[in-house]
Amino acid sequence: GQIVYSIAEETERGASVGNIAKDLGIDAATLSARKFRMITGSSKQYFNINASTGALSVNEPIDREQLCELKSVCLLNYELVLENPLELYRMEFKVLDINDNSPSFPLSEYHINMPEFLSPGARFTLPNAQDLDEGANSVQNYTLSPDEHFSLEMQIRGDGSKYPELVLKKALDREQQATHRLVLTAKDGGNPPKSGDIPVIVTVLDTNDNAPEFEHSVYRASILENSPSGTLVIQVHATDLDEGPNGEVRYSFSNTTSADLQRMFSVHPHTGEVTVNGVLAVQRPLLEMLIEARDNGAFGMSSTAKLLVEITDVNNHGPEITITSLSSPIPEDAVPGTVIALLSILDKDPGENGKVTCQISESLPFQLKPSLQNYYSLVTSELLDRELISEYNITIIATDLGSPPLTTQKTVWVQISDVNDNPPVFSTDTLDVFVEENNPLGAFLYQVSASDPDIGDNGRVSYTLRNSTVAGSALTSFLSMNLANGSIYAKRAFDFEQLRSFYFQVEAKDNGSPALSAAITVNVYISDQNDNAPAILYPTSQNGSVAVEVVPRLADEDYLVTKVVADDEDNAQNAWLSYHLAHSSDSTLFQLSPHTGELRTTRSMRSTDFLKHKVVVVVRDHGDPPLSSTVTVGILLADTLPQALPDFDDSGEPAPLLNATNIYLIVSVACVSFIFAAFIFFLAIVRL
């Protein structure tokens with residue numbers, strides 16, 4: 001918005017101008033919190049704002065003539081900037097003129113040389129008074145002290161400006177009065193009016209009665225503001241009807257032309273050529289000078305003409321970019337349209353040369369929007385992502401419409417702050433972990449890792465085990481986890497024979513607000529170790545006795561005596577079993593299949609073979625190192641199952657076939673047979 005105030009110059013310090021909060025509809029109590037500030041291009045701060053009440057007061061008296069020089073309208077432009085939210089208000093102060101300057105003449109006294117033979121009605125230009133005030137407070141009229149020979153008349157130039165002329169009413173007589181002293185008074189229209197005087201000294205001459213006359217009362221010319229020294233502006237020309245030295249004309253600047261203009265331009269005294277003499281360091285588009293033509297008579301006569309020089313602007317000022325306000329860093333979740341910065345872009349050139357276009361790269365997620373006059377807002381045009389781009393160097397290019405155009409660049413560095421918009425991410429959804437059984441307590445199993453592209457607390461990941469059960473027990477009784485680095489440790493020794501595998505989930509959670517999380521499933525496979533010896537299932541012995549197998553007395557070759565059956569709770573090669581004969585009472589009688597455990601005869605049984613045999617079978621797995629078990633098998637050669645099994649001693653040697661009992665039986669049978677034969681023989685003899 002914009003608001004206009006009017007204030008008279010020289011208003012004393014502390015005087016009230018208005019209430020900015022009330023006039024703009026702003027809550028005065030929020031001014032301080034919203035970090036208000038007044039921005040102006042002036043070198044002085046002429047106004048103050050009370051942060052508590054919003055009252056606008058004079059900070060320093062204003063001298064309108066010093067501030068605005070000869071401008072008809074004197075304006076001071078301020079911008080009021082408020083933050084949270086960012087707002088800009090334009091304030092315009094119109095400085096009103098007061099009659100604080102008296103008319104003044106550029107000379108302390110003015111001299112006029114008049115030939116005595118001039119007729120009444122002759123006219124002489126008088127100096128113009130200058131009054132720094134404007135309007136009615138400037139010079140309004142002139143008066144001349146009473147004199148019988150002279151009167152004052154006002155004349156109008158071709159451009160409408162007025163100037164005083166001294167008119168001769170009565171012929172002069174040098175012999176009666178050689179010098180006339182007059183007083184020219186200039187008055188302004190102020191209330192009360194102010195005035196200034198200059199003595200006008202008229203010297204009566206008795207020579208040269210014609211003054212030079214210019215071809216035009218007003219000359220007009222136009223030059224470029226960057227014209228080099230020596231550039232011809234215009235050539236003026238005046239003629240003098242006198243002859244000889246009285247008709248020779250010399251040109252110069254009138255004493256009423258300002259010293260600054262006389263330094264910037266020069267006029268050739270003989271040709272009347274006006275040329276550039278230095279740098280045209282002026283801000284006004286139209287310069288006004290008075291050229292005086294004076295003859296070379298003993299009592300030179302002169303006349304003046306006005307020269308109006310229009311300064312044509314060239315595009316010699318590039319745009320100026322000023323960062324009025326900048327918000328950096330901005331959060332990456334800022335919605336499109338968020339205001340980041342407020343820019344002021346000015347070009348000191350007037351007209352088309354001072355018009356500016358402004359742009360930034362279309363590839364950036366930002367755009368410039370026109371705000372107030374000469375102001376642009378830098379806003380977001382798309383959603384931002386800090387993880388892709390964390391900062392931007394935004395180059396603002398301002399180009400004026402001059403020919404050739406001038407361009408200015410300014411780079412704004414905008415940082416993007418992080419928000420927690422990314423959950424932790426595992427490299428895979430599932431993970432397989434292998435661990436050997438009989439592990440030590442506290443053994444390291446695996447370290448899971450999740451990445452989070454956010455930064456700070458938003459990217460700091462912690463790990464936890466999700467609640468679950470394994471084989472009916474809580475997961476925490478099996479495993480523990482380092483929350484900081486995701487390392488997993490065993491809290492107990494695993495037994496492959498009881499638990500071969502299980503799974504659980506690990507949750508990774510960042511420290512943002514609100515926190516985001518992700519989970520990974522971990523499959524734990526327990527590897528077997530050779531920690532179980534083979535268990536012999538058959539044949540079995542009871543109470544430490546030897547297992548007995550009965551084999552027919554005359555069994556054939558390859559007769560199946562028995563089959564050793566064993567099992568190993570381990571897995572894979574740890575459970576691959578082989579069978580071996582560790583001991584046999586007769587190594588030529590039995591053989592054992594290493595793969596099936598079948599014990600068979602290697603030949604047919606003979607009557608001379610021992611009746612009892614004993615073999616020791618070793619069952620061995622293929623672990624590293626291998627484990628084994630043994631079983632002792634007693635073999636009884638008999639055609640029928642005896643009522644009582646014989647004992648097998650531990651010597652491992654079979655009992656001999658002709659023991660004491662057998663010999664006794666044989667002797668008894670032999671005796672009975674001998675007695676029976678003797679009786680038969682006796683009977684035969686008796687009968688014969």
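Observations, loosely collected:
- Enumeration of residues in the stretch 47-68 that are touching a residue at least 12 places away in the same chain (Cβ under 8 Å) and farther than 14 Å from I26 by Cβ: F47, S57, V58, N59, E60, P61, I62, D63, R64, E65, L67, C68
- S517, sole failed condition from (1) within 25 Å of D495 (Cβ to Cβ); (2) in the same structural domain as S462 (by the TED database): (1)
- Any chance L445 is closer than 18 Å to F504 by Cβ and out of contact with any Pro (no Cβ under 6 Å at 6 or more places or on another chain): yes
- The one condition in (1) open to solvent by 80 Å² or more (accessible area, probe 1.4 Å); (2) assigned to a helix (DSSP H, G or I) that Q262 fails to fulfil: (1)
- Some residue of the stretch 8-18 being under 27 Å from L346 (Cα atoms) and outside any loop (DSSP other than H, G, I, E, B): no
- Only one of D385, D421, D400 that is over 30 Å from N485 (Cβ atoms), of a type in the set (D, E) and surrounded by 15 or more Cβ atoms within 10 Å (Cβ to Cβ): D400
- Which numbered condition F253 fails, given (1) open to solvent by less than 30 Å² (accessible area, probe 1.4 Å); (2) modelled with pLDDT of 85 or more; (3) out of contact with any helix residue (DSSP H, G or I) (no Cβ under 7 Å at 6 or more places or on another chain): (3)
- Counting residues in the stretch 524-534 that are assigned to a strand (DSSP E or B), within 30 Å of T428 (Cβ to Cβ) and among the hydroxyl-bearing types (S, T, Y) gives one or more.
- Those strands (runs of 3 or more DSSP E) lying entirely in the stretch 429-476 with at least 2 residues open to solvent by less than 70 Å² (accessible area, probe 1.4 Å): 430-436, 461-465
- Listed by position, the strands (runs of 3 or more DSSP E) contained in the stretch 268-336 that have at least 2 residues being under 28 Å from K162 (Cβ atoms) and among the β-branched types (V, I, T) are 302-312.
- Of the strands (runs of 3 or more DSSP E) that lie entirely inside the stretch 150-256, those containing 1 or more residues that are under 60 Å from the mean Cα position of the chain (by Cα) span 218-224, 232-235.
- Residue check, E9 surrounded by 12 or more Cβ atoms within 10 Å (Cβ to Cβ), of a type in the set (D, E) and under 21 Å from T324 (Cα atoms): no
- Residues in the stretch 18-35 that are touching a Leu at 6+ places or on another chain (Cβ under 6 Å) and modelled with pLDDT under 85 were compared, and the one that is nearest to D131 (Cα to Cα) is I20.
- When S545 is tested against the conditions (1) open to solvent by 40 Å² or more (accessible area, probe 1.4 Å); (2) more than 30 Å from S607 (Cα to Cα); (3) of a type in the set (G, A, S), the lone failure is (2).
- Hits in the stretch 279-299 (condition: crowded, with 21+ Cβ neighbours inside 10 Å and modelled with pLDDT under 85): G297
- Complete set of residues in the stretch 205-226 that are at pLDDT below 85, open to solvent by less than 20 Å² (accessible area, probe 1.4 Å) and on the phi < 0 side of the Ramachandran plot: L205
- Beta carbons closer than 7 Å, at least 6 apart along the sequence or on distinct chains, pair a first residue in the stretch 228-251 that is of a type in the set (D, E) with a second that is surrounded by 13 or more Cβ atoms within 10 Å (Cβ to Cβ) and in a strand (DSSP E or B) for D240/V249; D240/D295; D242/D295; E248/D295.
- Some residue of the stretch 387-400 being of a type in the set (D, E, K, R), over 29 Å from I3 (Cβ atoms) and without any contact (Cβ under 8 Å) to a residue 12 or more places away in the chain: no
- For the stretch 340-374, the set of residues classified as open to solvent by 60 Å² or more (accessible area, probe 1.4 Å) and not in a loop (DSSP other than H, G, I, E, B) consists of L346, E352, T357, Q359, Q367, K369, P370, listed by residue number.
- Restricting attention to the stretch 670-688, the residues that are open to solvent by 70 Å² or more (accessible area, probe 1.4 Å) and aliphatic (A, V, I, L, M) total 7.
- For the stretch 482-522, a residue qualifies if it is in a strand (DSSP E or B) and of a type in the set (F, W, Y), and the qualifying residues are Y489, F502, Y503, F504.
- Evaluation of I488 against (1) over 37 Å from the mean Cα position of the chain (by Cα); (2) open to solvent by 30 Å² or more (accessible area, probe 1.4 Å) (one fails), failing number: (2)
- Filter result for H180 (out of contact with any strand residue (DSSP E or B) (no Cβ under 6 Å at 6 or more places or on another chain) and either of a type in the set (K, R) or surrounded by 13 or more Cβ atoms within 10 Å (Cβ to Cβ) (or both)): no
- Selection from the stretch 405-418 of residues that are of a type outside the set (G, A, S), within 24 Å of S327 (Cβ to Cβ) and either loosely packed, with under 15 Cβ neighbours inside 10 Å or in contact with a Pro (Cβ under 7 Å, 6 or more places away or on another chain) (or both): T408, Q409, T411, W413, Q415, I416
The values are calculated or read from the model by the stated rules, or taken from the named source; none is laboratory data. Values in this document were obtained by computation on a predicted structure and should not be read as measured data. Cβ atoms come from the backbone with ideal geometry, glycine included; neighbour counts cover every protein chain shown. Remember, those area values only see protein heavy atoms, side chains included, never the ligands or the DNA or RNA. Shrake-Rupley method; radii C 1.70, N 1.55, O 1.52, S 1.80 Å.
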